[in-house]
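A quick write-up on the structure given underneath.
The values are calculated or read from the model by the stated rules, or taken from the named source; none is laboratory data. Please read all numbers here as calculations on a predicted model, not as lab measurements. Cβ: placed from backbone, ideal geometry, glycine included. Neighbour counts: every protein chain shown.
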Amino acid sequence: MNATLSVPWRSRKLAAVAAVALGLSCATTAYVVSQDDVAGTEPGMSSDFEVVGNGDLPTKKPALGADRAPLSAEETGYAISIASKDASIPAGATDVRGESGPEFLYADLPEVGAETSGRKVVVALYDYTTDTSFDMLVDLEAGKVVKSTKSVKAQPPTSADEADVAMQIAIDSTKDLLFKSEFEDNMGVPLIAPDQVEYVAGSWVFNKTTSKGQECGEDRCAQLMVSTAAGTYLNTWDFVVNLSTKSIVKTQ
């Protein structure tokens, strides 16, 4: 399918006990305490967090690393806590499941530059109530957001929770989707649950090369890549999932 696809792809496996459980619910969200690395804008980075305790994000400043040192789990959780409570986030913000608080997409170190010296973190959030993405620069030393940029056009990489929701919408759809018939042909049983397949998802933006999907870009849309447990890839190029409306957009 010819369209603009934002990487990296996010695997459902990252959501086992993952940061996407961070689906920010006001002040009560999942607290991350271990990570292999922090999901950012480069392909191959992950958001492999483990949730423990009562699920609250830290509100007190943890021990901070050097300016460009990898973020600790505590620093990451603290940055998300600060970003999610910033005044720039609408009071009625919701995540991909419709729960209170914006969807957490990723946290990462900012690009190198004089204006980002010190211990700062870029946090990306998405508000499904207004279909707005937020790119926030958090100063961990000061304990505040120093820059917040919002956009109704930008479509950052998807979270693992968004991939899970997209997969469930596709499976539940009554529309004729090729990947479901191909799965049944290959496996001999119908596809009725996400656990039957491996999948990843990326944000998808209409670029006038398909006949449908014009809403994708203002709406939050995701394209799935799905394979059987044996590694056979299934055809998912005939549709994308509109996460804003929780519907299937046929593109072919």
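Listed residues L234, L178; which is more than 13 Å from D164 (Cα to Cα), of a type in the set (A, V, I, L, M, F, W, C) and out of contact with any helix residue (DSSP H, G or I) (no Cβ under 8 Å at 6 or more places or on another chain)?
Going through L234, L178 in turn, the sole match is L178.
Residue-by-condition table, conditions (1) of a type outside the set (K, R); (2) surrounded by fewer than 17 Cβ atoms within 10 Å (Cβ to Cβ); (3) farther than 23 Å from A163 by Cα; (4) at pLDDT 95 or above:
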{"residue": "K60", "(1), (2), (3), (4)": "no, yes, yes, no"}
{"residue": "R68", "(1), (2), (3), (4)": "no, yes, yes, no"}
{"residue": "L105", "(1), (2), (3), (4)": "yes, no, no, yes"}
{"residue": "G118", "(1), (2), (3), (4)": "yes, yes, yes, no"}
{"residue": "A124", "(1), (2), (3), (4)": "yes, no, no, yes"}
{"residue": "T129", "(1), (2), (3), (4)": "yes, yes, no, yes"}
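Does the stretch 149-158 hold any residues that are exposed (fewer than 15 other Cβ atoms within 10 Å of the Cβ) and in a loop (DSSP other than H, G, I, E, B), and which are they?
Step one: list which residues in the stretch 149-158 are exposed (fewer than 15 other Cβ atoms within 10 Å of the Cβ), which gives 149, 151-153.
If the condition is that a residue be exposed (fewer than 15 other Cβ atoms within 10 Å of the Cβ) and in a loop (DSSP other than H, G, I, E, B), then V152, K153 are the ones that fit.
Taking each residue of the stretch 70-84 that is in the same structural domain as F104 (by TED's automatic domain parsing) and under 13 Å from A142 (Cβ atoms) and looking for partners that are of a type in the set (V, I, T) and surrounded by fewer than 20 Cβ atoms within 10 Å (Cβ to Cβ) with beta-carbon atoms closer than 9 Å, six or more apart or interchain, yields Y78/T59; I82/T59.
Given the criteria modelled with pLDDT of 95 or more and under 15 Å from T158 (Cα atoms), does S181 qualify?
Details: modelled with pLDDT of 95 or more: yes; under 15 Å from T158 (Cα atoms): no.
So S181 does not fit the description; no.
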